[in-house]
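**Q** Dropping the structure in here first, questions after.
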């Protein structure tokens, strides 16, 4: 009895120490994470304070010295040229849009200015988050061997009025500046659609848009533009030629489409090109700062530049977009807990984890929005069941074994999905297989880091696995699959869906 009492007392003491240390860890974490919440950056200095000591001098930022002002023109060097874009879609598509910008910066020999991400999929109140709060921008700059800028480094858009609201904090302020930009979206839709660049509003830009003409720049099949055609607009001759073509082409080409298919009218045929901005001013696309509205739908002349093994967009940019130490550390702490790995908590922001990532298999089962396009099949017959997902997991285990991984039969499976927990049969089947999943309420992910972070941590966990099963048609799944194959030498596959036999193979 005495022995049992001492044992119980010892266990209670150890539990207390662990609990106190964990609380202290989360407290320290909460103090440091403020600097990473969107909107906390105000009046950052340019140049020296923005460049890590590990960045070579040729990658230093091409900016005027001094503090960030309310006007971006104050920051730009007069003899230097830049390029930017204004993404306007779901987060993964905006990541790809930004990668396209980086490829264009190569082809045009311009310095890219990366836009922040807006919270289209996580709720407006999540706020706007800079690229460098998600991806390690210094590492990306070194890998691509180019300097990379962000908008908060060239324009202070924070003001007292918008700071009070988390949805607008850090943005929508600054001086309203006029700018001429290219719009790709109307000609891709070919139905009179308006420019797709709403995210320019968060930067207080008043834009006059010029549509990119089909002639002399033919597109690839479908609605995708050739990236080399868009790159031509970054040079003086290509820019001048396209401006001349734009006015006549827009009236004649779109007019013919309207006459043949009046049902396509979703916006009035403009009588002025460029489109006037809110002040009624028509401004040709800027020469120093080349800018585009939405460049997600672009590609190379042959093949798929993202998903082919030789894909240019993936191999030149995508594979180098690694997570920040903060996101890596949060994901690693959660992973250690899920896999019951005894390890001291990693304090985010200090450094990257130095020990190898534990091996596991991740599943990204996207279901919520895909279920809305299941007709004529019901949800259960359309979306892949746990049994179908498990068949793919078994195939991944075999592929990993062929690649030289050991003990693949014992690898844990982590299920990352938007399936609601009210789907009792789905979760019961996953539990029966011993699969794990992330309870962000338990880990207080949103409470500690913000509304963006449950999604970002899930994306990190997907890409850090050695085996991956994704959902066909999801760009988030496709990018995770590429990361797993590239970053860990692992294996990835996609589950087809849409009807009961869609994934038969």
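**Q** Exactly one condition in (1) touching a helix residue (DSSP H, G or I) at 6+ places or on another chain (Cβ under 8 Å); (2) closer than 28 Å to residue 369 by Cβ; (3) assigned to a loop (DSSP other than H, G, I, E, B) is not met by residue 146; state its number.
**A** So residue 146 meets the others, but not (2).
**Q** Can you find, within the range 87-111, the residue that is farthest from the chain's Cα centre (by Cα) among those that are part of a loop (DSSP other than H, G, I, E, B) and within 20 Å of residue 235 (Cα to Cα)? Spell out the reasoning first.
**A** So in the range 87-111, the residues part of a loop (DSSP other than H, G, I, E, B) come out as 87-90, 109-110.
From the residues that got through so far, the ones that are within 20 Å of residue 235 (Cα to Cα) too are 109-110.
Values: 109: 24, 110: 22 Å.
Top of the filtered list is 109.
**Q** Now for a separate question. Residue check: is residue 289 at pLDDT below 80, closer than 30 Å to residue 91 by Cα and surrounded by 14 or more Cβ atoms within 10 Å (Cβ to Cβ)?
**A** Here the answer is no, as residue 289 does not meet what is asked.
**Q** Does the range 437-458 contain at least one residue that is surrounded by fewer than 20 Cβ atoms within 10 Å (Cβ to Cβ) and under 19 Å from residue 495 (Cβ atoms)?
**A** yes
**Q** Something else: Would you confirm whether or not the range 372-389 contains a residue that is in a helix (DSSP H, G or I), at pLDDT 95 or above, over 20 Å from residue 460 (Cβ atoms) and under 19 Å from the mean Cα position of the chain (by Cα)?
**A** no
**Q** As an exercise: evaluate residue 406 against (1) closer than 18 Å to residue 368 by Cα; (2) assigned to a loop (DSSP other than H, G, I, E, B) and give the number of the one condition it does not meet.
**A** Checking residue 406 against (1) closer than 18 Å to residue 368 by Cα; (2) assigned to a loop (DSSP other than H, G, I, E, B), the one that fails is (1).
**Q** Within the range 168-192, can you find the residues that are surrounded by fewer than 17 Cβ atoms within 10 Å (Cβ to Cβ), at negative phi and touching a residue at least 40 places away in the same chain (Cβ under 8 Å)?
**A** Across the range 168-192, the qualifying residues are 175, 177, 178, 189, 191.
**Q** Could you say whether any residue in the range 452-464 is within 24 Å of residue 130 (Cα to Cα), within 21 Å of the chain's Cα centre (by Cα), assigned to a loop (DSSP other than H, G, I, E, B) and at pLDDT 95 or above?
**A** yes
**Q** Then there is this: State whether one or more residues within the range 320-343 are touching a strand residue (DSSP E or B) at 6+ places or on another chain (Cβ under 7 Å), within 20 Å of residue 474 (Cβ to Cβ) and in contact (Cβ under 8 Å) with a residue 24 or more places away in the chain.
**A** Taking every residue of the range 320-343 in turn, at least one turns out to be touching a strand residue (DSSP E or B) at 6+ places or on another chain (Cβ under 7 Å), within 20 Å of residue 474 (Cβ to Cβ) and in contact (Cβ under 8 Å) with a residue 24 or more places away in the chain.
**Q** Identify, by number, the condition in (1) within 28 Å of residue 223 (Cβ to Cβ); (2) modelled with pLDDT of 95 or more; (3) surrounded by 18 or more Cβ atoms within 10 Å (Cβ to Cβ) that residue 154 doesn't meet.
**A** The failed condition is (1).
**Q** Still on this structure: Do you know which residues across the range 364-382 are out of contact with any helix residue (DSSP H, G or I) (no Cβ under 6 Å at 6 or more places or on another chain) and closer than 22 Å to residue 413 by Cβ? I'd like the intermediate steps shown before the answer.
**A** First, the residues of the range 364-382 that are out of contact with any helix residue (DSSP H, G or I) (no Cβ under 6 Å at 6 or more places or on another chain): 365-370, 372-373, 375-378, 380-382.
365, 366, 367, 368, 370, 380 - these are the residues of the range 364-382 that are out of contact with any helix residue (DSSP H, G or I) (no Cβ under 6 Å at 6 or more places or on another chain) and closer than 22 Å to residue 413 by Cβ.
**Q** Any residue at all in the range 258-275 that's modelled with pLDDT of 80 or more, surrounded by 20 or more Cβ atoms within 10 Å (Cβ to Cβ), more than 30 Å from residue 157 (Cα to Cα) and in the same structural domain as residue 302 (by TED's automatic domain parsing)?
**A** Taking every residue of the range 258-275 in turn, none turns out to be modelled with pLDDT of 80 or more, surrounded by 20 or more Cβ atoms within 10 Å (Cβ to Cβ), more than 30 Å from residue 157 (Cα to Cα) and in the same structural domain as residue 302 (by TED's automatic domain parsing).
The values are calculated or read from the model by the stated rules, or taken from the named source; none is laboratory data. All of these numbers come straight from a predicted model, not from anything done at the bench. With ideal geometry, Cβ positions are generated from the backbone for all residues, glycine too; neighbour counts draw on all protein chains shown.
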